[in-house]
1. Cβ contacts < 7 Å: first residue hydrophobic (A, V, I, L, M, F, W, C) and modelled with pLDDT of 95 or more, restricted to region 35-51; second residue surrounded by fewer than 10 Cβ atoms within 10 Å (Cβ to Cβ) and part of a helix (DSSP H, G or I), any location; separation 6+ or different chain. Result?
2. If a residue must be of a type outside the set (D, E, K, R) and not in a helix (DSSP H, G or I), how many such residues does region 25-68 contain?
Amino acid sequence: MPETFDEPDPGAGATARVAPAGAAAEVAEALKYGPRGALFIASVAVGLLFAGWLAFYFFLFLPRGTIG
């Protein structure tokens, strides 16, 4: 944010903080395992959620028995 209105705001057109463009091979190598890692993290999260649900089911709901 500029201190005064006299200083220009870099805005969206500024290239001061933009990473240099890499070659297509470098970009492909960097993104090679991206989807696999995302699927792994999502699978771990779903597995933990399912394990928590099973824990609630077996330790809270089953010991109470039937209601009524």
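1. none
2. At the first step, the residues of region 25-68 found to be of a type outside the set (D, E, K, R) are 25, 27-28, 30-31, 33-35, 37-63, 65-68.
Next cut, not in a helix (DSSP H, G or I) only: 31, 33, 65-68.
Residues in region 25-68 being of a type outside the set (D, E, K, R) and not in a helix (DSSP H, G or I): 6 in total.
The values are calculated or read from the model by the stated rules, or taken from the named source; none is laboratory data. Keep in mind it's a predicted model, so treat the numbers as computed, not measured. Cβ atoms come from the backbone with ideal geometry, glycine included; neighbour counts cover every protein chain shown.
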